[in-house]
Amino acid sequence: MHNRRSILMSAAGVAALAVAPRAMAAATSTSDPSARLNTLFDKLIEEGFDLSPEAVTSLGLDKNARAYQKALLGDRSLAATAEGIALNESQYARLKAVDEAALPPADKLNLDIVLYGVTNQVESARKFKYAGGSAGAPYVFNQLGGAYHDLPDFLDSQHRIETQEDADAYLSRLSQVGTAIRQECDQAEHDASLGVIPPDFVLDKTLAQLQALRATPSDKAILVQSLVRRTGEKKLPGDWGKWATHLYETSVLPALDHQIEAVKAQRAKAVHDAGVWRLPDGDDYYRASVRQWTTTDKSGEEIHRIGLDLVASLSARADALMKKQGLTQGTVGQRFRAMYDDPKFHYPNTDEGKAKLLADLNDKVKTVQARLPKYFGVLPKAGVEIKRVPVYTEAGSPGGYYQPPTLDGSRPGAYYINLRDTDEQPSWALPTLTYHEAIPGHHLQGTIALEAPSPMIRKLQFFSAELEGWALYAEQLADEMGMYDIDPYGRIGYLHDAIFRGVRLVVDSGMHAKKWTREQAVEYFVSSIGDKDAAAITEVERYCVWPGQACGYMLGKLEILRLREDAKKRLGARFDIRKFHDAILTPGAMPLSVMGRVVDDYIARN
């Protein structure tokens, strides 16, 4: 999920940027073209951080020269939006001015990858004048993000409190939350003047969340409780609860009232159409969004057709496997639902049952770990563990998230799985989830990139289709590695998740390119894979506010498979799966459009 990827990015950045000052000092001491390029890369990072106090904190860099930013929140005003656009233009111009011919191949690749991301931002901002976001995220008001949604969690989970100064910085940031909320209202008003208003059901859910937040007593609000709890744990003197409550009631609550009224005003003008086709230049906006999230130029029609074909072929495979296990009644989707509801596929919802679940999954990681040398030449030095989400945070936490290791090896990677209720995690779905998140999925991919020598900016980059495409490819690779040979229900679970990603292609393109309604999308979702209506609605409404994002998973996997088959044909007996995997993992994050060039270079070397 998107939240998981944010965690991954932040932790990678902590390790990467810890050495940035040394790298910059070395780079400025020579006129070598590679050194000049790395100096430019470091300058771009610093410029971005100047405008992003939250990012600095997330990366653990709010100390020393950047300690002042620990007391600040990012400026969300329309003027700051314009400043950010101007900075992107400047960065684009400086990157384009680099003499590519003077660079060695590795540096040219780094330049092309960095320039790809900046170019997408610049082109999107030039064409679509939305204040709330560039391609891929059109709405300021939505149920998945915004100051009201993100800042309480940010201050609670990422703003560290160890000292009196840290607590004072928290209060400073708390005093700015109301301003951030009001600034986003200005953004939304600007966008509404362009005809950019979210669908009615998105505003309904956003309004419900805002009202629930507003109705919470001040002393129970997370923004107040977090400071009281953590200053108490550190035994920091002061009436922190009184000060936080005062700021919350005089700044945050009036701003929430203001945003509630702003959402109501937009709701009165909203329509029920789910897709971005109805927005100004809507068809172009969807194409730009697909490019932003998938780093491909596929059309909505093409994506839709790919999705339908995949759902049909994968469902036929699942049907055959189900019949071998005596599951013959109903459609494939209905049989998946029956498997969800069957008690034999659920661990007991007890401490003993949850401990057994974790032990079983850690055993699977050990098994797949032992098989890695047959499939990878470069292996991550850091290990990975599967742990339970802490009990005190599990109620409000997502189903799971991945935490990368430290660069010095002092802490391994970890996949945290939410065990508040084991009925949410049927046993046949858990192996695939583990291979996706841990090995050979995100842990292997992210750690190899983190441990490889590369410029700091490259360690911070994020391309959703490459990231999620690899994790989805890893699910299939686990099957090829024999991980389901004695686990037929696990293999059915693997196909369920593959069908799910095919369904995403159909539903996302259906709503945004073919004018499907929200209800059509939910019906197709439920009938295809049997998930419960509430889960399907949550997914579909996510695709409405992040157009194109859900397509990156399967399109990324399909591109990796295509490149693998191409390499096999061209290399014949010289093809080595280990070298292929090393070729696409060790350079780090990249657009799918660049990955083909990387594979061509690998083939030429072999």
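The values are calculated or read from the model by the stated rules, or taken from the named source; none is laboratory data. These numbers come from a predicted model, not from an experiment. In this analysis, Cβ positions are derived from the backbone assuming ideal geometry, glycine residues included, and neighbour counts consider all displayed protein chains.
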Does the stretch 351-359 contain any residue that is more than 26 Å from the chain's Cα centre (by Cα), among the acidic types (Asp, Glu) and assigned to a helix (DSSP H, G or I)? yes
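Okay, residues lined up against (1) within 28 Å of the chain's Cα centre (by Cα); (2) at pLDDT 95 or above:
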position	(1), (2)
303	yes, yes
309	yes, yes
332	no, yes
345	no, yes
364	yes, no
373	no, yes
379	yes, no
387	yes, no
For the subset of the stretch 150-192 comprising residues that are not acidic (Asp, Glu) and not in a helix (DSSP H, G or I), which member is nearest to residue 236 (Cα to Cα)? 163
Residue 157 being hydroxyl-bearing (Ser, Thr, Tyr) and either over 30 Å from residue 247 (Cβ atoms) or touching a residue at least 40 places away in the same chain (Cβ under 8 Å) (or both): no
Among 442, 436, which is touching a Phe, Trp or Tyr at 6+ places or on another chain (Cβ under 8 Å), of a type outside the set (Asp, Glu), under 30 Å from residue 116 (Cα atoms) and modelled with pLDDT of 80 or more? 442
Applying the selection to the stretch 301-359, what residues are closer than 26 Å to residue 387 by Cβ and aliphatic (A, V, I, L, M)? 355, 357, 358, 359
Residue check for residue 61: of a type outside the set (Phe, Trp, Tyr) and under 30 Å from residue 270 (Cβ atoms): no
Helices (runs of 4 or more DSSP H) completely within the stretch 248-337 that count 3 or more residues being touching a strand residue (DSSP E or B) at 6+ places or on another chain (Cβ under 8 Å) and surrounded by fewer than 17 Cβ atoms within 10 Å (Cβ to Cβ): none
If I filter the stretch 199-210 for residues that are over 28 Å from the mean Cα position of the chain (by Cα) and either modelled with pLDDT of 95 or more or part of a loop (DSSP other than H, G, I, E, B) (or both), do I get at least one hit? no
Starting from the stretch 486-512, keep only residues that are outside any helix (DSSP H, G or I), then list their pairs with residues that are not hydroxyl-bearing (Ser, Thr, Tyr) whose Cβ atoms are within a distance under 7 Å, requiring at least 6 positions of separation or different chains. 487/431
With the structure loaded, tell me whether residue 524 is hydroxyl-bearing (Ser, Thr, Tyr), free of Cβ contacts under 8 Å to residues at least 40 places away in the same chain and farther than 30 Å from residue 327 by Cα or whether it fails that test. no
By residue number, the members of the stretch 46-84 that are of a type in the set (A, V, I, L, M, F, W, C), more than 23 Å from the chain's Cα centre (by Cα) and more than 16 Å from residue 172 (Cβ to Cβ) are 65, 78, 79, 80, 82
Look at the stretch 76-102 and say how many of its residues are crowded, with 18+ Cβ neighbours inside 10 Å and either assigned to a loop (DSSP other than H, G, I, E, B) or of a type in the set (Phe, Trp, Tyr) (or both). 2
